[in-house]
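Here the structure is laid out as structure tokens; the discussion comes afterwards.
The values are calculated or read from the model by the stated rules, or taken from the named source; none is laboratory data. Just so you know, these numbers come straight off a predicted model, no measurement behind them. All Cβ positions, glycine included, derive from the backbone under ideal geometry; neighbour counts span all protein chains shown.
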């Protein structure tokens with residue numbers, strides 16, 4: 001994601017806890033001090049995605065997280081959704097290949113983007129995203 005945004009002319013700060021071949025390695029978003037950025041766009045580890053959302057809220061900038069498609073289908077996240085309502089929920093109409101074809105076979109996980117403004121939205125817009133051809 002970072003490389004594509006950078007290639008489009010955006011100023012990007014890239015980091016990851018693990019070496020993914022791009023960006024600053026060994027950076028734990030959950031323990032890193034606030035950056036002076038205008039947006040946070042990330043694909044968090046799904047097992048700590050709620051912690052990522054809460055950390056992003058405290059940055060007071062708009063943010064977008066790529067999550068599993070059923071992420072909001074959970075009673076334990078009902079309060080989080082309503083306390084800090086996202087502006088958009090944007091389901092992908094394709095399955096992303098996070099392994100870039102390395103292990104063969106078709107991707108099996110469905111995902112969606114959830115986008116928040118720097119303040120809670122009054123309502124959430126649900127818009128399907130169509131895959132753009134390369």
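When the residues of the stretch 21-34 are narrowed to those that are in contact with a helix residue (DSSP H, G or I) (Cβ under 8 Å, 6 or more places away or on another chain) and on the phi < 0 side of the Ramachandran plot, which ends up modelled with the highest pLDDT? Walk me through it before giving the result.
Going through the stretch 21-34, the residues in contact with a helix residue (DSSP H, G or I) (Cβ under 8 Å, 6 or more places away or on another chain) turn out to be 22-23, 29-30, 34.
With the extra rule that they be on the phi < 0 side of the Ramachandran plot, the set shrinks to 22, 29-30, 34.
Details: 22: 76, 29: 87, 30: 90, 34: 79.
Applying the filter and picking the extreme gives 30.
Could you please find all residues in the stretch 22-41 being assigned to a strand (DSSP E or B), crowded, with 17+ Cβ neighbours inside 10 Å and free of Cβ contacts under 8 Å to residues at least 40 places away in the same chain?
Step one: of the stretch 22-41, the residues assigned to a strand (DSSP E or B) are 24-25, 40-41.
Among the residues that remain, those that are also crowded, with 17+ Cβ neighbours inside 10 Å are: 40-41.
Across the stretch 22-41, the qualifying residue is only 40.
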> Does any residue of the stretch 62-70 turn out to be over 26 Å from residue 132 (Cβ atoms), exposed (fewer than 14 other Cβ atoms within 10 Å of the Cβ) and either modelled with pLDDT of 95 or more or touching a helix residue (DSSP H, G or I) at 6+ places or on another chain (Cβ under 8 Å) (or both)?
Replying inline: no
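Results for (1) in contact with a strand residue (DSSP E or B) (Cβ under 7 Å, 6 or more places away or on another chain); (2) within 17 Å of residue 121 (Cα to Cα), shown as yes or no for each residue.
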position	(1), (2)
32	no, no
39	yes, yes
43	yes, no
46	yes, no
66	yes, no
73	no, no
87	yes, yes
92	yes, no
Could you tell me whether any residue of the stretch 72-89 is in contact with a helix residue (DSSP H, G or I) (Cβ under 9 Å, 6 or more places away or on another chain), surrounded by 10 or more Cβ atoms within 10 Å (Cβ to Cβ) and modelled with pLDDT under 90? no
Note on the stretch 108-121: residues surrounded by fewer than 15 Cβ atoms within 10 Å (Cβ to Cβ) and either under 22 Å from residue 47 (Cα atoms) or modelled with pLDDT of 90 or more (or both) are 108, 109, 110, 117
Residue pairs qualifying under the 6 Å Cβ cut-off, at least six apart or on distinct chains, with the first in the stretch 7-21 being over 23 Å from residue 31 (Cβ atoms) and the second being part of a loop (DSSP other than H, G, I, E, B) and at pLDDT below 85, are none
